[in-house]
1. For the condition within 13 Å of the ligand (Cβ to nearest atom) and closer than 21 Å to LYS2 by Cα, what is the one hit in SER151, SER170?
2. Output the number of the condition that ILE69 fails; it satisfies all remaining conditions of (1) surrounded by 14 or more Cβ atoms within 10 Å (Cβ to Cβ); (2) among the aliphatic types (A, V, I, L, M); (3) farther than 18 Å from PRO127 by Cβ.
3. If we keep just the residues of the range 180-228 that are among the small types (Gly, Ala, Ser) and more than 21 Å from the chain's Cα centre (by Cα), which is surrounded by the most Cβ atoms within 10 Å (Cβ to Cβ)?
4. Would you confirm whether any residue within the range 174-191 is touching a residue at least 12 places away in the same chain (Cβ under 8 Å), among the β-branched types (Val, Ile, Thr) and more than 23 Å from VAL238 (Cβ to Cβ)?
5. Kindly list the number of the only condition in (1) within 16 Å of the ligand (Cβ to nearest atom); (2) open to solvent by 60 Å² or more (accessible area, probe 1.4 Å); (3) free of Cβ contacts under 8 Å to residues at least 60 places away in the same chain that fails for LYS2.
6. For residues that are assigned to a helix (DSSP H, G or I), of a type in the set (A, V, I, L, M, F, W, C) and within 25 Å of CYS215 (Cα to Cα), tally how many sit in the range 14-38.
7. Answer yes or no: is there a residue in the range 223-238 that is part of a loop (DSSP other than H, G, I, E, B) and of a type in the set (Lys, Arg).
8. For residues that are of a type in the set (Gly, Ala, Ser) and outside any loop (DSSP other than H, G, I, E, B), scanning just the range 39-96, find the one that is farthest from TRP19 (Cα to Cα).
Amino acid sequence: MKIFIDSADIDQIQEAFSWGIVDGITTNPSLIKKSYEKVQASGEKISMHDYICRILENAEDTPVSLEVIGPSEKDMTAQGRFLYETFNRIAGNVVVKIPVNPNLQLGGDHRYDGLKSIRSLAQSGIPVNCTLIFTPEQAWAAAKAGAAYVSPFAGRIDDMLRKRLGGEFSKTDYYPAEGKRDDDGNLVADDNGVYSGVHLVEQCVDIFQAYDLDCEVLAASLRNPRQVRECALVAADVSTIPFAVIRDMVEHPKTVEGMNAFCADVVPEYRDLLP
Ligand code: E4P
């Protein structure tokens, strides 16, 4: 499974790439807002154009998803072409992110505009990451329309199921991949047959494998290392992971305990041998 960093923060991107485990970057308007405002607050004056160039240049030739904001086919396709034509010349690594359904209210008029836009961009050879996927059917449709990646939002499905169950929770809390169940093993929450974020990813993977769809399942909205592990176990092609979660993936108290014990046992002769 490839690992993308889900961030627009240059410091985080540079640091994570230095670990040698990152295969790409995903951004969205919320991540751009957070990181761009951080740079502005530091006193640095940089245009949005130059900031995006900086992200692309720091991606070490790996794919970078940049999202459109228009709520109609016309806007999304024009913005997708603009993003690709303006920025792909910087490092040849732009992927345009298109929402599967850009409606701003349920049942609105733009239900199919995401698919139309994906089709139009893909036919021009522009790689598309279809975002805001919450059902396997959406993923399937996006793949058929020509998306190179589909992004099922695992964490937000878990949030929705937890909200239905009531009670307090933190977004980073682990939610069981097998779904919340009662003592008899019966599911207590699902969303039309999807019982966890990881289950959503798994269903997308199963359909894509069954029908040999030429599109990668990019697990998104991941909140903790165990969720990442479970995405790998269900054979997601990619997981896009926030910086803090990638960092937490290599933490374990027994590793720290082991390091302390090894360091305490070093004899002077061994110490002197090493540079
Ligand atoms: C990435 O492509 C998505 O935009 C992102 O993973 C969403 O994550 P969130 O649900 O934690 O905001």
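1. On inspection, the qualifying residue turns out to be SER151.
2. Only one criterion is unmet by ILE69, namely (1).
3. Of all residues in the range 180-228, those among the small types (Gly, Ala, Ser) come to 185, 189, 193, 196-197, 210, 219-221.
Keeping just the survivors that are more than 21 Å from the chain's Cα centre (by Cα) gives 185, 189, 193, 210.
On the way: GLY185: 7, ALA189: 17, GLY193: 11, ALA210: 8.
Only one residue tops the list, namely ALA189.
4. yes
5. (3)
6. Within the range 14-38, residues that are assigned to a helix (DSSP H, G or I), of a type in the set (A, V, I, L, M, F, W, C) and within 25 Å of CYS215 (Cα to Cα) number 2.
7. Looking for residues that are part of a loop (DSSP other than H, G, I, E, B) and of a type in the set (Lys, Arg), one finds at least one in the range 223-238, hence yes.
8. Here the residue is ALA78.
The values are calculated or read from the model by the stated rules, or taken from the named source; none is laboratory data. Remember, predicted model here, so these are calculated numbers, not experimental data. Note: ideal-geometry Cβ built from the backbone for every residue, glycine included; neighbour counts use all protein chains shown. These accessible areas exclude ligands, DNA and RNA; they are computed on the full protein's heavy atoms, side chains included. Shrake-Rupley method; radii C 1.70, N 1.55, O 1.52, S 1.80 Å.
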